[in-house]
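The values are calculated or read from the model by the stated rules, or taken from the named source; none is laboratory data. Values in this document were obtained by computation on a predicted structure and should not be read as measured data. All Cβ positions, glycine included, derive from the backbone under ideal geometry; neighbour counts span all protein chains shown.
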Amino acid sequence: MEASAEIAKPIRLDPRFRREIMAISGGETLKICFQCGTCTSSCPIARFSRSYRPRQIIQMTQLGMKSKVLSSDTLWLCAACFTCTDRCPQGVEVASVLRVLRNLAVKEGFVPAVYRELASNILGTGYAYRITALQIRNREEFGLPPLPKANIEDIAKLAQSTDLSKLIETRGTSSV
Amino acid sequence: MSNHKYLFFLGCVIPYRVPSYEVSARKICEKLGIELVEMPEFNCCGLPLDPISHDMATALAARNLCLAEQKDLQIVTLCNGCAGNLRKINKELKENKELREKINGYLKGIGMEFKGNTDVKHFIQVLSEDVGLEKVKEIVQKPFKNLKVAEHYGCHLLRPSKEVAFDNPENPKVLKALIEATGAKCLDYIDETQCCGATIIGVNSEIPLELTREKLIHVREAGAQALITICPSCHLMFDTNQPRIERKFGEKFDLPVLHYPQLLALAAGISPDELALKEHKVDVSEKIVLFC
């Protein structure tokens, strides 16, 4: 292998990013993280991922590395098990801060394909998955009552007022 | 007999992939006099959308909570994800006036209002808190004699603990006590409360399979003959994906995975034929039923 000299590229920092996150409900505790690493050492995903480190995402957010954080695939690896939040000695709501970051990434156009699909299923059927005719027949064979019918009109209205419809419609089908 | 009456929140994963859990839970409810009121007009609990829109996830949960308030009933659910999200959001909406006003603004458009007078319980919580361990023990007619199992609690019933937990998140005991009520011995193993990874399988399938494999190894090393779960997504990882894990890592586990109500139903003398055991990927019948 040929050794290549790496040229350090300047990193674009956005000093307002930290405040932007802290102003959103769930992001307030970003400020009090003192980088002890309890989150990463407790994280089941970090044990098997080479890139996902919650402590690092928090640090990058504190430093204002907005575009790097929001465009990163690893942001989507949090399994929301909340072990980090539970064990943080400072009371940082780590999983909630990560959720705030993901929600913001979506506003910037980064939506993994699976979430587009889940959203489209919920808007179309009320359920997160498309339940097939076979699965419905199976229920009958097990003597289970009919599947509850969702109220699609209500769901559509909520998607309108929470801007979900806009978030998933306007951005084509590209995915992270 | 039926002073235990709940609105039954089925969620999405159970009707989609895990009917055996619903079948067996309904049998147990009949046996214990727990009345399940079917829930029409429901929608997804909201959890799957939380990563992309916390507002929509909250609004979806709030709508379900409003339906329960209108019926003047508490919600019971079999799914950890549904229980976790509905419990968390119910608590937040009750305690945070600003959030409540915001969400009620969304709900106004569909003629609803969150008032804060219902509660949400996971099935396991209903068994332990409302029905009680003693009553559960009373239905056990054929206790297991030499069966050793392990439990996987799953995440969203325990964490975030200040919002959802009803048991100790670092050392939970409730499910163990319910398992031991069937006569089976519930073993301890390494990293019992660790996540199975199911929630990110749509983004990355490698990591959840590694996590689940590691748990299967720990369960096997402890000497358990079966794993007991209480969440449909965990069941998909441990049972449905077990053959996939075996192929990927070239090792055999052959570890039966039962929903807790199946274990209890067998001990209560309900016929194995009524528990949809054949739906499972890993054969249960020969290995577990014999211990009854």
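In region B:221-242, of all residues being under 22 Å from the mean Cα position of the chain (by Cα) and without any contact (Cβ under 8 Å) to a residue 60 or more places away in the chain, the one that is farthest from residue A:128 (Cα to Cα) corresponds to B:242.
From the list B:216, B:211, B:158, B:178, the lone residue that is part of a helix (DSSP H, G or I) and within 19 Å of residue A:78 (Cα to Cα) is B:211.
In region B:152-164, is there at least one residue being at pLDDT below 95 and surrounded by fewer than 24 Cβ atoms within 10 Å (Cβ to Cβ)? So far as region B:152-164 goes, yes, one or more of its residues are at pLDDT below 95 and surrounded by fewer than 24 Cβ atoms within 10 Å (Cβ to Cβ). For region A:85-101, name all the residues that are within 16 Å of the chain's Cα centre (by Cα) and either in a helix (DSSP H, G or I) or more than 14 Å from chain B (Cβ to nearest Cβ) (or both). Answer for region A:85-101, where residues must be within 16 Å of the chain's Cα centre (by Cα) and either in a helix (DSSP H, G or I) or more than 14 Å from chain B (Cβ to nearest Cβ) (or both): A:85, A:94, A:95, A:96, A:97, A:98, A:99, A:100, A:101. Within region B:1-27, being touching a residue at least 12 places away in the same chain (Cβ under 8 Å), at the interface with chain A (Cβ under 7 Å from one of its Cβ atoms) and closer than 13 Å to residue A:148 by Cα holds for B:10, B:12.
Out of B:101, B:30, B:41, I need the residue that is more than 11 Å from chain A (Cβ to nearest Cβ), surrounded by fewer than 24 Cβ atoms within 10 Å (Cβ to Cβ) and either modelled with pLDDT under 95 or farther than 24 Å from residue B:263 by Cβ (or both). Which one? Even if it seems obvious, please write down each step before you answer.
Working: B:30 fails: either modelled with pLDDT under 95 or farther than 24 Å from residue B:263 by Cβ (or both); B:41 fails: more than 11 Å from chain A (Cβ to nearest Cβ).
Residue meeting the stated conditions: B:101.
The single condition from (1) in contact with a helix residue (DSSP H, G or I) (Cβ under 9 Å, 6 or more places away or on another chain); (2) not in a helix (DSSP H, G or I); (3) not small (Gly, Ala, Ser) that residue B:5 fails is (1).
The residues of region B:127-151 that are under 27 Å from residue B:71 (Cα atoms), surrounded by 15 or more Cβ atoms within 10 Å (Cβ to Cβ) and either among the acidic types (Asp, Glu) or out of contact with any helix residue (DSSP H, G or I) (no Cβ under 9 Å at 6 or more places or on another chain) (or both) amount to a single one, B:130.
If the requirement is being surrounded by fewer than 23 Cβ atoms within 10 Å (Cβ to Cβ) and at the interface with chain B (Cβ under 7 Å from one of its Cβ atoms), which of these qualifies: A:79, A:133, A:150, A:113? Among A:79, A:133, A:150, A:113, only A:150 is surrounded by fewer than 23 Cβ atoms within 10 Å (Cβ to Cβ) and at the interface with chain B (Cβ under 7 Å from one of its Cβ atoms). When the residues of region A:104-140 are filtered to those that are touching a residue at least 60 places away in the same chain (Cβ under 8 Å) and not aliphatic (A, V, I, L, M), the one that is nearest to residue A:30 (Cα to Cα) is A:107. In the set (1) among the charged types (D, E, K, R); (2) within 9 Å of chain A (Cβ to nearest Cβ); (3) more than 18 Å from the chain's Cα centre (by Cα), the condition left unmet by residue B:159 is number (3). Restricting attention to region A:39-52, report how many residues are touching a Pro at 6+ places or on another chain (Cβ under 6 Å) and either facing chain B (nearest Cβ under 10 Å) or not hydrophobic (A, V, I, L, M, F, W, C) (or both). The number of residues fulfilling the criteria is 2.
May I ask you to verify whether residue A:153 is of a type in the set (D, E, K, R) and either under 15 Å from residue B:12 (Cα atoms) or at pLDDT 95 or above (or both)? Quick ask: steps written out before the conclusion?
Values: of a type in the set (D, E, K, R): yes; either under 15 Å from residue B:12 (Cα atoms) or at pLDDT 95 or above (or both): yes.
Considered against the rule, which asks whether it is of a type in the set (D, E, K, R) and either under 15 Å from residue B:12 (Cα atoms) or at pLDDT 95 or above (or both), residue A:153 comes out as yes.
Summed over region B:72-87, residues that are more than 20 Å from residue B:113 (Cβ to Cβ) and not in a helix (DSSP H, G or I) total 4. Residue A:143 meets all of the listed conditions (1) more than 7 Å from chain B (Cβ to nearest Cβ); (2) closer than 30 Å to residue A:28 by Cα; (3) of a type outside the set (A, V, I, L, M) but one, namely (2).
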